[in-house]
Amino acid sequence: LLIARGEVGAIATDNILELPASKRFFTGGDQTLRGFDYESLGPRDINGELIGGKFLTVASLEYSLRFAQSWRAALFTDAGRAFSDESAAWRQSAGIGVRWLSPFGNVRVDLAVPVNDQNDGFRLHIFMGPPL
């Protein structure tokens, strides 16, 4: 089973700081870029504080293979960015996971690592819900 997901967004504003932080774009975490902390990626101010972006682009590709009646193994990669400036770097991660097809929904456990990033640690992601 091959699963692909994409997400794009844009906010029409001249000053991103006029919007509440909850309306700005961030990425990272279980549902966007596994291998990074939740909503830890996006534009920062001059003090290094995360402020969020005007644009969002995220894509994921996952290959999943059933190895038992209620179990699947997965290989995946995620890439994307939350940005206000076109020169912002793309971030990417890759990893492996296991899926339990439980009676109450999919339970996903993923181990992911950033690719070509100064953050070189693995992240464990546990999520309940539909694939990607």
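Results for (1) more than 17 Å from VAL8 (Cβ to Cβ); (2) of a type in the set (Ser, Thr, Tyr), shown as yes or no for each residue.
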site	(1), (2)
THR57	no, yes
ALA74	yes, no
ALA82	no, no
ILE126	yes, no
All but one of (1) surrounded by 13 or more Cβ atoms within 10 Å (Cβ to Cβ); (2) over 11 Å from the mean Cα position of the chain (by Cα) hold for GLY121; state the number of the condition that does not hold.
(1)
Do you know which of the residues in segment 85-117 that are part of a loop (DSSP other than H, G, I, E, B) and of a type in the set (Phe, Trp, Tyr) is modelled with the lowest pLDDT?
PHE104
Before we move on, is GLN31 open to solvent by 70 Å² or more (accessible area, probe 1.4 Å), among the polar types (S, T, N, Q), under 18 Å from PRO130 (Cβ atoms) and touching a residue at least 12 places away in the same chain (Cβ under 8 Å)?
yes
By residue number, the members of segment 62-79 that are among the polar types (S, T, N, Q) and part of a strand (DSSP E or B) are SER64, THR77
Checked segment 4-21 for anything under 28 Å from PHE76 (Cα atoms) and open to solvent by 30 Å² or more (accessible area, probe 1.4 Å); matches are ALA4, ARG5, GLY6, GLU7, VAL8, ALA10
For segment 92-131, what are the residues that are touching a Gly at 6+ places or on another chain (Cβ under 7 Å) and among the small types (Gly, Ala, Ser)?
SER93, GLY95, GLY105, ALA112, GLY129
Residue ID - farthest from SER40 (Cα to Cα), chosen from residues in segment 102-116 that are surrounded by 14 or more Cβ atoms within 10 Å (Cβ to Cβ) and of a type outside the set (Val, Ile, Thr):
ASN106
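Across segment 65-79, what is the total count of residues that are open to solvent by less than 50 Å² (accessible area, probe 1.4 Å) and farther than 21 Å from PRO43 by Cβ? Before the answer, list the steps.
Here is the first cut: in segment 65-79, the ones open to solvent by less than 50 Å² (accessible area, probe 1.4 Å) are 68, 70, 72-74, 76-79.
Retained after the next criterion (residues that are farther than 21 Å from PRO43 by Cβ): 68, 70, 72-74, 76-77.
Counting residues in segment 65-79 that are open to solvent by less than 50 Å² (accessible area, probe 1.4 Å) and farther than 21 Å from PRO43 by Cβ gives 7.
If you go through segment 38-50 one residue at a time, do you hit one that is β-branched (Val, Ile, Thr) and either closer than 20 Å to ILE126 by Cα or crowded, with 16+ Cβ neighbours inside 10 Å (or both)? Please lay out each step first, then the result.
The first filter runs over segment 38-50 and keeps only residues β-branched (Val, Ile, Thr), leaving 46.
Now restrict to residues that are either closer than 20 Å to ILE126 by Cα or crowded, with 16+ Cβ neighbours inside 10 Å (or both): none.
The answer is no, given that none of the residues of segment 38-50 is β-branched (Val, Ile, Thr) and either closer than 20 Å to ILE126 by Cα or crowded, with 16+ Cβ neighbours inside 10 Å (or both).
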Test of understanding: among ALA82, ALA59, which residue is among the small types (Gly, Ala, Ser), assigned to a strand (DSSP E or B), at pLDDT 95 or above and open to solvent by 30 Å² or more (accessible area, probe 1.4 Å)?
ALA59
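The values are calculated or read from the model by the stated rules, or taken from the named source; none is laboratory data. Predicted model, so just to flag it, every value in this text is computed and none were measured. Here the Cβ is made from the backbone with ideal geometry for all residues, glycine too, and neighbour counts use every protein chain on show. For the accessible areas, the whole protein counts, side chains as well, though only heavy atoms, and no ligand, DNA or RNA atoms are used. Shrake-Rupley method; radii C 1.70, N 1.55, O 1.52, S 1.80 Å.
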